[in-house]
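A.B. asks: Mind having a look at this structure? Questions to follow.
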Amino acid sequence: MSELFSSPEWQALRANHSVVASASLREMFANDPSRGTRLTAEGAGLYLDFSKHLITDETLNLLVDVAREAGVEVRRDAMFAGEPINNTEGRAVLHSALRRAEGDELVVDGEDVVADVHATLARMRTFAESVRSGEWVGHTGKPITTIINIGIGGSDLGPVMCAQALRPDMADNLSLVFVSNIDGADLDAALATADPETTLVVVCSKTFGTIETLTNARFARTWLVDALGDEAAVPKHFVAVSTNAERVADFGIDTANMFGFWDWVGGRYSVDSAIGLSLMIGIGPDKFDEFLAGFRDVDEHFQSAPLAENLPVIMAMLGVWYRNVWEFASHAVLPYSNDLARFPAYLQQLDMESNGKRVTRSGEPVAVDTGPIVWGEPGTNGQHAFYQLIHQGTSVIPADFIGFVKPRHDFDEHHRILTANLLAQTEALAFGKTADEVRAEGVDDALVNHKTFPGNRPTSTLLADALTPRIVGALIALYEHKVFVQGVVWDVNSFDQWGVELGKVLATNILNELNSDDPVAAAEAAGHDSSTRELIRRMS
Ligand code: G6Q
């Protein structure tokens with residue numbers, strides 16, 4: 001699809017750049033009183049104001065033309081239909097099936113995947129309810145009070161992000177703890193406060209072959225068995241979420257205590273599968289259903305809204321505009337919600353693992369730059385840290401500001417201050433402050449340049465009523481589809497992640513050397529470079 005970048009649509013978009021670059025957001029707003037209400041879109045409980053972007057109405061039309069020319073609609077429909085669009089792994093990409101309504105039907109390879117999804121959801125519901133009600137008891141007869149979720153990457157980031165986002169929905173009598181890192185400090189901290197008699201460990205691993213997860217799970221199992229003095233305690237305190245029943249059984253978890261999912265769910269797209277089990281236990285199955293409904297709202301919007309009004313398409317194409325035409329390298333996500341503190345980290349994986357690619361679907365070098373660096377922190381904390389660079393640095397960093405009309409706490413004054421800051425930031429970034437304005441304030445000439453703000457720093461503002469389970473689901477699906485659209489435009493496979501493999505293989509080799517009687521000699525014999533050899537010597 002790299003012909004896209006020599007197509008008339010793309011050429012027209014590039015030509016539009018010089019028109020827009022010679023204007024300013026100040027002028028564009030001053031000359032067009034309805035800009036702030038017109039360049040907006042709404043759907044699935046989300047309101048997107050994209051008027052503070054470096055675009056005109058013509059730019060938007062051209063971006064939509066490029067999306068259409070890239071085949072976004074065709075590829076979207078192929079994904080939802082279960083075609084094997086993950087071509088390097090020969091798989092369908094069907095995270096959208098995880099939230100299809102009960103009774104829908106989608107047959108892939110002779111199986112109704114929606115029926116399978118709902119059968120698993122029903123088992124999860126029964127289990128979650130029994131843990132929440134205290135009916136499920138540990139080996140010594142006590143109800144569960146702590147859930148330790150062990151998983152990493154896609155088997156951790158979603159649940160951990162959502163558990164924090166939905167803090168007000170969490171059961172009072174349960175605490176959720178997440179262990180991911182192979183740094184033993186992570187497990188150590190989790191076990192330090194947990195009581196083995198009342199702890200349930202949920203081991204989440206799609207492959208059940210991930211060294212971090214299996215090592216943490218093995219040590220957690222030993223901790224439990226040592227404390228309770230009985231191997232027979234394991235079935236009451238360990239459950240697994242995986243696609244690999246054989247490895248779960250080999251590990252020593254009864255497959256009756258296993259919740260499955262499928263090859264067609266990518267790790268970073270799996271929080272709405274059984275990987276969300278801990279979350280479901282925490283917030284309860286009804287709220288988990290609302291969470292799924294939020295994903296579904298966006299799926300429906302993505303499939304039905306015209307491209308020019310389609311939230312994920314607009315956000316994706318603005319990203320393409322900045323990455324490929326303006327050549328901005330990074331993108332910030334700035335939630336004005338402390339409960340969304342882990343959302344930028346979640347999106348880093350979703351976006352950078354999906355679109356951090358240098359070859360096209362057919363293996364040719366890509367024609368243009370692909371995924372940007374994605375980063376962020378919640379406001380207002382970020383304002384007191386890195387916003388200086390966004391306002392006055394030499395790089396322009398397009399940013400998504402995310403805010404909520406109503407807080408889910410009673411501190412109304414806090415919420416007004418938070419909201420004022422959110423709104424002030426996008427205003428300051430868009431319109432800046434000219435040297436003349438600074439001088440008019442009586443500022444000393446020597447300081448005028450320091451106190452001038454260039455403006456024209458593009459932002460989206462994404463608003464929702466409140467951070468409910470449904471909105472959390474909608475936000476995730478919004479970004480999933482944004483990433484998908486960009487992957488289509490760049491013609492990369494957004495659903496593989498070969499880039500993580502080499503480091504894993506080399507770590508296995510070095511681990512063998514560290515485990516040997518003489519690591520230095522083993523490293524020497526392995527033929528490492530002089531830097532790695534010296535580092536091994538110092539670390540062993
Ligand atoms: C996600 C990636 C990766 C994966 C982890 C954990 O899309 O594939 O982050 O989720 O490596 O893998 P397992 O779930 O198989 O342990």
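A.B. asks: Is at least one residue of the stretch 220-231 within 13 Å of the ligand (Cβ to nearest atom), closer than 19 Å to Leu200 by Cβ and over 25 Å from the mean Cα position of the chain (by Cα)?
C.D. replies: No, the stretch 220-231 contains no residue that is within 13 Å of the ligand (Cβ to nearest atom), closer than 19 Å to Leu200 by Cβ and over 25 Å from the mean Cα position of the chain (by Cα).
A.B. asks: Oh, and also: I need the helices (runs of 4 or more DSSP H) fully contained in the stretch 426-506, keeping only those with at least 2 residues that are more than 16 Å from the ligand (Cβ to nearest atom) and under 30 Å from Leu4 (Cβ atoms).
C.D. replies: Helices (runs of 4 or more DSSP H) meeting the threshold: 469-490.
A.B. asks: Name the pairs: first residue in the stretch 435-448 and basic (Lys, Arg), second residue modelled with pLDDT of 95 or more and surrounded by 10 or more Cβ atoms within 10 Å (Cβ to Cβ), Cβ to Cβ under 7 Å, at least 6 apart or on different chains?
C.D. replies: As it stands, the answer is Arg439/Val448, since those pairs meet every condition given.
A.B. asks: If I ask for residues that are assigned to a helix (DSSP H, G or I), in contact (Cβ under 8 Å) with a residue 24 or more places away in the chain and open to solvent by 40 Å² or more (accessible area, probe 1.4 Å), which ones from the stretch 130-144 would you list?
C.D. replies: Arg132
Each row is one residue, and each column tells you yes or no for (1) modelled with pLDDT of 95 or more; (2) in contact with a Lys or Arg (Cβ under 9 Å, 6 or more places away or on another chain); (3) not polar (S, T, N, Q).
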{"residue": "Ala119", "(1), (2), (3)": "yes, no, yes"}
{"residue": "Arg123", "(1), (2), (3)": "yes, no, yes"}
{"residue": "Ile150", "(1), (2), (3)": "yes, no, yes"}
{"residue": "Ala171", "(1), (2), (3)": "yes, yes, yes"}
{"residue": "Leu176", "(1), (2), (3)": "yes, no, yes"}
{"residue": "Ser180", "(1), (2), (3)": "yes, no, no"}
{"residue": "Ser205", "(1), (2), (3)": "yes, yes, no"}
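A.B. asks: Can you name every residue in the stretch 362-402 that is open to solvent by 50 Å² or more (accessible area, probe 1.4 Å) and β-branched (Val, Ile, Thr)?
C.D. replies: Ile373, Thr394
A.B. asks: Scanning the stretch 515-532 for residues that are part of a helix (DSSP H, G or I) and open to solvent by 80 Å² or more (accessible area, probe 1.4 Å), which turns out farthest from Thr210 (Cα to Cα)?
C.D. replies: The extreme case among them is Ser530.
A.B. asks: Here's another thing I want to ask about it. Please note which helices (runs of 4 or more DSSP H) are completely contained in the stretch 155-261 and include at least 3 residues that are over 24 Å from Thr120 (Cβ atoms) and open to solvent by 40 Å² or more (accessible area, probe 1.4 Å).
C.D. replies: By residue number, 184-193, 211-228.
A.B. asks: Any residue that is of a type in the set (Lys, Arg), more than 9 Å from the ligand (Cβ to nearest atom) and touching a residue at least 12 places away in the same chain (Cβ under 8 Å) - is there at least one of those in the stretch 185-207?
C.D. replies: There is no residue in the stretch 185-207 that is of a type in the set (Lys, Arg), more than 9 Å from the ligand (Cβ to nearest atom) and touching a residue at least 12 places away in the same chain (Cβ under 8 Å).
A.B. asks: Still on this structure: Could you list all residues from the stretch 47-75 that are among the polar types (S, T, N, Q) and not in a helix (DSSP H, G or I)?
C.D. replies: Ser51, Thr56
A.B. asks: Next question. Among the residues of the stretch 30-46, which ones are over 28 Å from the mean Cα position of the chain (by Cα) and either outside any helix (DSSP H, G or I) or within 16 Å of Glu427 (Cβ to Cβ) (or both)?
C.D. replies: Passing the criteria: Ala30, Asn31, Asp32, Pro33, Ser34, Arg35, Gly36, Thr37.
A.B. asks: What's the number of the condition Thr426 fails, among (1) closer than 24 Å to Met28 by Cβ; (2) in contact (Cβ under 8 Å) with a residue 60 or more places away in the chain; (3) open to solvent by 40 Å² or more (accessible area, probe 1.4 Å)?
C.D. replies: The one condition Thr426 does not meet is (3).
A.B. asks: Out of Val359, Val298, which single residue is on the phi < 0 side of the Ramachandran plot and either without any contact (Cβ under 8 Å) to a residue 24 or more places away in the chain or surrounded by fewer than 20 Cβ atoms within 10 Å (Cβ to Cβ) (or both)?
C.D. replies: One residue alone meets the criteria, Val359.
The values are calculated or read from the model by the stated rules, or taken from the named source; none is laboratory data. Keep in mind it's a predicted model, so treat the numbers as computed, not measured. FYI the Cβ positions are ideal-geometry reconstructions off the backbone, even for glycines, and counts take in every protein chain you see. Surface areas here come from the heavy atoms of the whole protein model, side chains and all, with no ligands, DNA or RNA. Shrake-Rupley method; radii C 1.70, N 1.55, O 1.52, S 1.80 Å.
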